[in-house]
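Input: a single structure, listed below in C-alpha cells.
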Amino acid sequence: MGKVNNRDLFSFWVEALHSWSIISRSPLTHWDRVVYVLPGGQTRPMQEVGKDWSVLGADRLILESLITPPRWHRHLLLDLDGEGLVRLDQQPLFGLNTFHRMFRIPESWQEPRTLSVEIGRLGLMGQHFDHPQIRELAWCRIDDIAYSAYWDLKVLREYLRHQTLPEGVVSELARDLEQAVQPIYHLPPDKQAWTKWLTHHADWAETDALWRLLRENKMKGLHNIPRPLLAERIEETHKRLHEVITRLNRNFPVKNGHLQALGHAHIDLAWLWREEETRRKVIRTVATQIHFLESFPEYIFGMSTPAMWKTIEEEEPALFSRMKDLAAQNRIEPLGAFWVEADSQIPDAAAIIRQMIHGLRYFMHHLGVRPVTAFLPDTFGFSEGLPTLLAAAGIRLFFTTKLNWNDTTVFPYKDFWWIGPDGRKVQAHIFGGPEQGYNGTSSLRDIMDGWQEYQKFSGQTGTLLYTYGYGDGGGGPNQDMLERLRRYEQLPGLPEITRGFAAALIRPPDTAFPCYRGELYLEYHRGTLSSQSQVKSQMRRIQEHVRLAEALAAWTRTDWNFHHVWERILVNQFHDILPGSAIHEVYRDVETDLKTLEDMISNAITGSLKTLFPRSAADAISMVAANPSGMRAGTRLVEFRAPYHPEVAVDGEWQRAQKIGPDQYIMALGPMEPLSAVSLAIRACQSPNEEERPQLLHDSYTCQSGPLTVMFVPDGIHQILWEGQSFLREPAGIRAYWHHPDRYDAWELMPGYRNNLCDIQHEPMVVDKAGPFCQVIRLRHRIEHSTIVETYRVDFVHHALNLFVHSQIPDRHLLVRYEIPTDLVTRYATAETMWGTTSHPTVPGSLEESARFEWAAHRFVDLSEGGHFGLALLNNGRYGHSVEEGRIGVTLSTAPLYPDPAADVEPGDVSLCLFPHRGTWREAGVMEQAHAFSAGMWTRTLPTHADERRSLVKGWPANFRIVSLKLAEDGSQDVVMQLGEMFGYRGQASCHVDLPGQSVQQVDVITEQPVPNPGTVHLDPRTRLLTWDYRPYELLVLRWIQSPPTNSVTP
C-alpha cells in the first residue's frame, strides 16, 4: 500500500487557496435595533452592542437593521459564541453555531431588506457562555473559483494520505498534484497566504519565529500579489485539479463498496437543554438545511421526529411550506415512524403503537406518504417485542447505531431479519461509523472507518447507510461536509457514494440475511432503566390510567380529546427524558407536564363515570371503583382515601374498611373484568374500632396468611415459608451499594457494584394490629444521610406480601435495590416485556449473558421450579431487574450526580409484591395479578347510584390483554380495540362485548381501515358474542362499525 509521510505536503497551498478565496470583507457594525431578551421573556432595548454581550444577564440578543448588501459581497460571516438564527424580512434564513458561520445570501437581495440576527447564550451542546463573544460580523466577497480549487486540493491531499490506496495511485496522484499547483507555485510569496498559514500553525516549532515576526510587523519580503494575476493563476490551478480527478477515474475506475449518504441532524428533544430551546434548535437547523438543499442540487436530507416537523408547522408556516415542497421533490426524507425518537424498553406497547399512529398519520396527512422505516439511532436498547409492533404498523426497515456501543461483546450482524414473538419480521440495519455514529463528518477517515467496520460483517455486497451532519444538539451538515462529499463520490478506490433515501436499503423478504430473535440489548447505559425513578413510576401510572380514560370515553361517547394528551405522553418518552439522562431543568418541566396530564386524565375518567353511573336522586354518595388494567383482575385489596372510617357495601353486605394510615383504608373487592367499573354504597362506620398503639420490636415478628408464613426482623425478611417449605437462602430486603460510574453517570450501572455493599443501620420494627385484610409491619433504615422506610402488608386475601418503599436519598452514587435471595432451582427467569414475556438465564453461560447483568422487566419477574412452585416479584413502576443464581433483584434508585445532581433525592414511593404460587406463572395467574397490582384500582366518591356494575366485556380470556380501546382516529363514532395474545398460545377465543355496532372488521393499526387478508373474527349482533382465531403473541386490531368507514387520514 502506498503511504505519504510528509505532513506538510501541499498543506501550505491548501491554506493559501482558502485565504485567496475571500477577496474582501466589509464589517457589519451598525444596527437599527438592539434588544436584550432577559430570563422570563422581558426585553430591554439598547443603543449598541459590544463584543461581549453578557449584559443584564440576558439569555438572548436580537440585532436588526434595514440593509442593502455591499456590491459584490454575497456572503455573510457571523462568528460568535452560542447559537443564533438569521432572518430576512422575518423569515428564517440560516442557523448559526460553531460549525455554521458563513452562508451565501439570496441573489434576489439587491434592495434594502430587514436583516435580523437572534443570538442565544447556549452553545450547540447546551454549554452556557458566561461572557458570550461576538468576534466578527461581516459581508464577504468570495472568489468561487478559488474556493472550489481550495476544496479540490484539500480533498485530493486527504485522499493522497489515505493509508489503503494502491501504490500506483499514490505515485501518480503525487506527480499530478505537483503539476496542478505549478501556476500558483511560481508566484512570489504572498503576504495574505503566509498570514493565514502562520496563524494556523503558530504552535509549530519551525514556524514560531516567523509567527512572532509577523505579529510584530517585522517580516519583510512578502508581496501583495495583484488580484488579476492571482485570479489567472488560481483559475489555471483549478482547471488542472479537475483534470487530476478525471484522470484518476479513467486510470483507476474501481469502487470499493457502497454507501447510501443521507444528510441528517440528530436533535435531542430535551437533554442538556430544555424543550423550549429545542424548538429554537429545530428552526435554526431546518433553515440551514433548506439553504443547502437549494444550493446543492445533489444533496438529500433526512429528518425524523414528526413532533419537530410540527414545530416548524406551528411556528414558521412559510418554512414548513418549503419543507413540504422539498419533500415532494424527494429532497427531504421523512424518517419514520415514531412521533419522537422514544425509549424502546420502558414504554408500554400502547405507547409504542401510539408513537407510530401519531408519527405515520402526521406524515400521511401533511406529505401524502406513509414511511416504512423506523429510525431510532440513539435509543438505549430495544425490547424483543418491538418487531411485532413495527411489523403490525407496516414498518419494513428498522435503523439504529446504538449497538455499536456495546462494552463487552460485538453484536454479530449489521443487516439481519429481526423476528418478533409473533414470528413476524422486519429488516434491521445497524449503521454508523465506530467513532461518529449517526453524526458522520464526511471526512475520508470517517467514511472509510464506517465502511471497513461494516464490511467485516456484510462483505463487499451490502450497502451501508451513512448519515452525516452535526447532531445531538442539531445543526446538521455544513458546507464543508457537502463540498467534501461532492468530491469523494468522484474518486476511485472508495465506496461508491449514492445520494438517496434511507428507505432505498429495503430488501425483498426472501433476502438471505441472518435471522435474530430476542432483545437488542445494549451492553452499556444500563442505569437508564432506573435513573429518575419517580418519572418512570409516574409514566407507568399515566399509561395505565389513560387506557381507562379512553375506554370509558369511547364506551360512554363522552367528548374528550385525547390527541394532545397522547402527544405530551409521547414527548416525555423521548430517549433522554424517560430513561433519566437529562438535566435538572428538564425534569422540572416534566414534573409540571406529567401533573397536568394526570389531572386531565383524572377529569376525563370522572366525567365518563358520571355518565356511566347516573346521579342518585337522593344525592347519596357512592364509591366508584374502576379497573384500569387491560386484563381481568381477581379478588383484591383496594386502597382508597376517606375523611372518616368507612364501611362499604360489597355484594349486598356491609364491609368495614381497614385503616392503614391517615385517611387511608383498604377493603376487599371481588373479580372485575378489564376496564370495568362498579359503584358501591359507602357510609361512616357506626362504631369504628379504636386505634391501638403499634408495637416496637427489636428482634423478630412472624405473621401467617393461609399457606404463607413470613418472619420479619429489623433488617428485612428473615424467612418466607409456603406450605411449610422455606425458599430463602438469606434474608431478603433492602441492599445499598456505593456506585461509581466511569464516564456517563446517570446512564451507567457498573458490573462491580456488588463489591461495594454499604452498612445499613436498622431501627426497631413497628407492628400494627392485624386487621381483617392485612397485617402492617414497618421497617426503617439509615444509610449515611439517606433514609428508607419499608411498609409491608401481609395480604390475607391473596396470601401475598405487599411492600411499599418510601426513600429520601440525598447521598449521591448510592445504588438502592431490593433483593430476594431464593434457593429456587431453575435455569431461566421469566420477565414481562412491553409485549409478552422473555426468559433470562439464572446462571450466565457466555460472555454475552454475563454482560446482561441488569435487564428490563415491566410488571413482573418470576422464578418457577419445575412447574410446581414459584415466586413472582411484581412492581408498579420499576424496570431494572436481575436474577443471579436464584437472587431476584430490582433497582429502586441510582442517585446519579450528572447531569441532574438532584436525581432520585426523593425517588417517589414504589410498590412491590412477593407472590408465591403453585404451578407455572401462567397457571397461577401471575400476569393478571401483576397487571392488577401495577394498575391499581381507580377510586373516587361520586354522587351516583350505588350497587351497579358495568363491564365492557364479559368472560375475557386470561391470555389476552386489551392494549387500547378508543374511538377511531377519523372522527367517526366507531370504536377500535387493540388486543394482544400474551401467553404464546394458539386457538380460538370468545367473550361478550358491550359496544354498539352491527359488525366488526379487522383493521390496520395505523389507518384503522380493513386489512387485505383478515383472520377469522365474528360478532353475533344479537348475543354480542365476539369470537376470533389467534396465533401466539398476535396483535389484533378490531373496529366496531357504526357508520361507513372513511378513508381520510387526520394527524
Leu465 vs (1) on the phi < 0 side of the Ramachandran plot; (2) in contact with an Asp or Glu (Cβ under 9 Å, 6 or more places away or on another chain): all pass except (2)
Which fully enclosed helices (runs of 4 or more DSSP H) of the stretch 216-326 have 2 or more residues being touching a Lys or Arg at 6+ places or on another chain (Cβ under 6 Å) and under 30 Å from Asn572 (Cβ atoms)? none
Applying the selection to the stretch 591-610, what residues are in contact (Cβ under 8 Å) with a residue 60 or more places away in the chain and either surrounded by 21 or more Cβ atoms within 10 Å (Cβ to Cβ) or under 19 Å from Arg540 (Cα atoms) (or both)? Glu598, Ile605, Leu609
Pairs under 7 Å by beta carbon, first residue in contact (Cβ under 8 Å) with a residue 60 or more places away in the chain and outside the structural domain of Val825 (by TED's automatic domain parsing) in the stretch 714-743, partner buried (at least 19 other Cβ atoms within 10 Å of the Cβ) and in a strand (DSSP E or B), six or more apart or different chains? none
Give the residues of the stretch 772-802 that are under 13 Å from Gly733 (Cα atoms) and not hydrophobic (A, V, I, L, M, F, W, C), sorted by residue number. Arg778, Arg780, His781, Glu790, Thr791, Tyr792, Asn802
Among the residues of the stretch 841-870 satisfying the criterion of being under 24 Å from Asp348 (Cα atoms) and hydrophobic (A, V, I, L, M, F, W, C), which is farthest from the chain's Cα centre (by Cα)? Leu863
Can you tell which of His358, His365 is surrounded by fewer than 21 Cβ atoms within 10 Å (Cβ to Cβ) and either at pLDDT 95 or above or under 30 Å from Ser295 (Cβ atoms) (or both)? His365
Of the residues in the stretch 953-966, how many are under 20 Å from Leu552 (Cβ atoms), of a type in the set (S, T, N, Q) and in a loop (DSSP other than H, G, I, E, B)? 0
Ile569 passes all but one of (1) in contact with a helix residue (DSSP H, G or I) (Cβ under 7 Å, 6 or more places away or on another chain); (2) among the aliphatic types (A, V, I, L, M); (3) not in a helix (DSSP H, G or I); which number fails? (3)
Would you kindly identify the strands (runs of 3 or more DSSP E) lying entirely within the stretch 1-104 that contain at least 3 residues that are within 30 Å of Ala265 (Cβ to Cβ)? 33-37, 60-67, 75-80, 84-88, 91-96, 102-104
Elements of type strands (runs of 3 or more DSSP E) contained in the stretch 578-671, each with 2 or more residues being within 26 Å of Ser893 (Cα to Cα): 658-661
Which condition from (1) under 25 Å from the mean Cα position of the chain (by Cα); (2) part of a loop (DSSP other than H, G, I, E, B); (3) closer than 23 Å to Arg817 by Cβ is the one that Glu969 breaks? (3)
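Yes/no per residue for (1) outside any helix (DSSP H, G or I); (2) over 22 Å from Gly432 (Cα atoms):
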| site | (1), (2) |
| --- | --- |
| Ala504 | no, no |
| Arg507 | yes, no |
| Phe513 | yes, no |
| Gly527 | no, yes |
| Gln534 | no, yes |
| Gln538 | no, yes |
| Arg541 | no, yes |
| His545 | no, yes |
So is Leu697 in contact with a Pro (Cβ under 9 Å, 6 or more places away or on another chain), touching a residue at least 60 places away in the same chain (Cβ under 8 Å) and either buried (at least 19 other Cβ atoms within 10 Å of the Cβ) or not β-branched (Val, Ile, Thr) (or both) or not? yes
Of (1) without any contact (Cβ under 8 Å) to a residue 40 or more places away in the chain; (2) out of contact with any Leu (no Cβ under 8 Å at 6 or more places or on another chain); (3) among the β-branched types (Val, Ile, Thr), Val565 satisfies all except one. Which? (2)
Quick count over the stretch 49-75, residues being over 35 Å from the mean Cα position of the chain (by Cα) and either of a type in the set (Lys, Arg) or not assigned by TED's automatic domain parsing to the domain that holds Ser116 (or both), is 3
Quick test for you: out of Ser839, Ser882, pick the one residue that is outside the structural domain of Leu1036 (by TED's automatic domain parsing), without any contact (Cβ under 8 Å) to a residue 40 or more places away in the chain and either in a loop (DSSP other than H, G, I, E, B) or closer than 22 Å to Gly980 by Cβ (or both). Ser839
Of the conditions (1) under 29 Å from Ala582 (Cβ atoms); (2) at pLDDT 95 or above; (3) not in a strand (DSSP E or B), Glu906 satisfies every one except a single condition; which number is it? (2)
Return yes or no: is Gln655 modelled with pLDDT under 95, of a type outside the set (Ser, Thr, Tyr) and surrounded by fewer than 14 Cβ atoms within 10 Å (Cβ to Cβ)? no
Tell me yes or no: at least one residue of the stretch 409-417 is acidic (Asp, Glu), more than 16 Å from Gln345 (Cβ to Cβ) and at pLDDT 95 or above. yes
Filtering the stretch 766-777 down to residues that are of a type outside the set (A, V, I, L, M) and surrounded by fewer than 18 Cβ atoms within 10 Å (Cβ to Cβ), which residue is farthest from Arg636 (Cα to Cα)? Lys769
Considering the stretch 732-765, residues that are touching a Lys or Arg at 6+ places or on another chain (Cβ under 6 Å) and part of a loop (DSSP other than H, G, I, E, B), and then whichever is surrounded by the most Cβ atoms within 10 Å (Cβ to Cβ), we arrive at Leu749
Looking at (1) touching a Leu at 6+ places or on another chain (Cβ under 6 Å); (2) touching a residue at least 40 places away in the same chain (Cβ under 8 Å); (3) at negative phi, find the lone condition where Ile419 falls short. (1)
Matching residues, the stretch 547-566, being assigned to a helix (DSSP H, G or I) and on the phi > 0 side of the Ramachandran plot: none
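The values are calculated or read from the model by the stated rules, or taken from the named source; none is laboratory data. All figures in this text were calculated on a predicted structure; none of them were measured in a lab. All Cβ positions, glycine included, derive from the backbone under ideal geometry; neighbour counts span all protein chains shown.
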